[in-house]
Amino acid sequence: MGKKYVDSLKLIDRDKQYDPAEALNLACKTAKAKFDETIELHVKLGVDSRHADQQVRGAVVLPNGTGKVARVLVFAKDAKADEATAAGADFVGAEDLVQKIQTENWFDFDVVVATPDMMGLVGRIGKTLGPKGLMPNPKAGTVTPDVTKAISEIKSGKIEYRLDKSNIIHCPIGKASFGADKLAENFNALMGAIIKAKPSAAKGTYLKSVSVASTMGPGVKVNSSKLV
């Protein structure tokens, strides 16, 4: 552990669960790197992601964005391709982009949007996009005929949340430079969406643990009992 990390640990009581505002303030204080660190939210849920009826996945627009402008790739043709270009998509195409991803292992993008008629084509690279969390999905609003709206929301701070194999959701909620107040607005928006997305099949405690951390800093536990 580096000196800055050790110094940051001294600011945190590892056994304490903090109120969200206090936790976010500490996460900002422990962001001691020379770059503007991302503040991340980690939520462990009391569900089993192996069961289809216990999946938790969706998307939410963060009020203050993420501090990073996402690069958007759109699979579309003809008029929809023109619409996507006009809306500010970074890359627009069809078979050409599929081939580029397959042959060049090209991933200079952050989010993939597709019109419904293109999903048969996109399915060819599903095994490549899926593990990277890039596969378009109707629940996340990334499979849609309204490409203009999808691109606008993504560029303004829309993020997707989904469970990993450990039943944990990991999401950025902004930069340390945002300050605790703006981060709290983003935190509340994302947590509200996650709580609302609770599957009816989920039993017992839904929010097992909640923590926030800067890119290089230690985790700060959040009192999840105050969030439900």
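The values are calculated or read from the model by the stated rules, or taken from the named source; none is laboratory data. Here the structure is a predicted model, which means the values were calculated and not measured. Cβ sites come from the backbone with ideal geometry, for glycine too, and all protein chains shown count toward neighbours. Ligands, DNA and RNA are excluded from the accessible area calculation, which covers all protein heavy atoms including side chains. Shrake-Rupley method; radii C 1.70, N 1.55, O 1.52, S 1.80 Å.
Quick notes on this one:
- Residue match in the range 86-100 (condition: surrounded by 19 or more Cβ atoms within 10 Å (Cβ to Cβ) and polar (S, T, N, Q)): no
- Flag for Gly123 being open to solvent by 30 Å² or more (accessible area, probe 1.4 Å) and outside any strand (DSSP E or B): yes
- The range 66-107, residues that are in a strand (DSSP E or B) and in contact (Cβ under 8 Å) with a residue 24 or more places away in the chain: Val72, Leu73, Val74, Phe75
- Sole exception among (1) open to solvent by 50 Å² or more (accessible area, probe 1.4 Å); (2) in contact with a helix residue (DSSP H, G or I) (Cβ under 6 Å, 6 or more places away or on another chain); (3) closer than 19 Å to Lys80 by Cα for Glu160, by number: (3)
- Matching residues, the range 108-120, being in a loop (DSSP other than H, G, I, E, B) and open to solvent by 20 Å² or more (accessible area, probe 1.4 Å): Asp108, Asp110
- Against the test of being buried (at least 19 other Cβ atoms within 10 Å of the Cβ), among the small types (Gly, Ala, Ser) and outside any helix (DSSP H, G or I), the options Ser200, Ser211 yield a single qualifying residue, Ser211.
- Close pairs (6 angstrom Cβ cut-off, 6 or more residues apart or separate chains): farther than 26 Å from Glu153 by Cα in the range 33-62, open to solvent by 20 Å² or more (accessible area, probe 1.4 Å) and among the polar types (S, T, N, Q) anywhere: Lys44/Ser209; Leu45/Asn167; Gly46/Thr205; Val47/Gln54; Val47/Asn167; Asp48/Gln54; Ser49/Asn167
- Considering (1) of a type in the set (Val, Ile, Thr); (2) surrounded by fewer than 17 Cβ atoms within 10 Å (Cβ to Cβ); (3) touching a Pro at 6+ places or on another chain (Cβ under 7 Å), the lone condition that Val222 does not fulfil carries the number (2).
- Top-ranked residue in the range 187-197 [being of a type outside the set (A, V, I, L, M) and either in contact with a Lys or Arg (Cβ under 7 Å, 6 or more places away or on another chain) or surrounded by fewer than 22 Cβ atoms within 10 Å (Cβ to Cβ) (or both); ranked as farthest from Ile12 (Cα to Cα)]: Lys196
- Any chance Met216 is within 19 Å of the chain's Cα centre (by Cα), in a loop (DSSP other than H, G, I, E, B) and either modelled with pLDDT under 95 or surrounded by 19 or more Cβ atoms within 10 Å (Cβ to Cβ) (or both): yes
- Residue list for the range 73-85, restricted to those being among the hydrophobic types (A, V, I, L, M, F, W, C) and surrounded by 18 or more Cβ atoms within 10 Å (Cβ to Cβ): Leu73, Val74, Phe75, Ala76, Ala81, Ala84
- Count of residues meeting criterion [part of a helix (DSSP H, G or I) and under 19 Å from Ala197 (Cα atoms)] in the range 130-145: 3
Residue-wise test of (1) part of a helix (DSSP H, G or I); (2) modelled with pLDDT of 95 or more.
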{"position": "Ile159", "(1), (2)": "no, no"}
{"position": "Lys165", "(1), (2)": "no, no"}
{"position": "Ile169", "(1), (2)": "no, yes"}
{"position": "Gly174", "(1), (2)": "no, yes"}
{"position": "Ala189", "(1), (2)": "yes, yes"}
{"position": "Thr205", "(1), (2)": "no, no"}
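- Among the residues of this structure, Asp53 does not count as one that is open to solvent by 80 Å² or more (accessible area, probe 1.4 Å), closer than 12 Å to Val220 by Cα and not in a strand (DSSP E or B).
- The range 163-186 - residue that is within 15 Å of the chain's Cα centre (by Cα) and within 10 Å of Ile39 (Cα to Cα) and, of those, surrounded by the fewest Cβ atoms within 10 Å (Cβ to Cβ): Pro172
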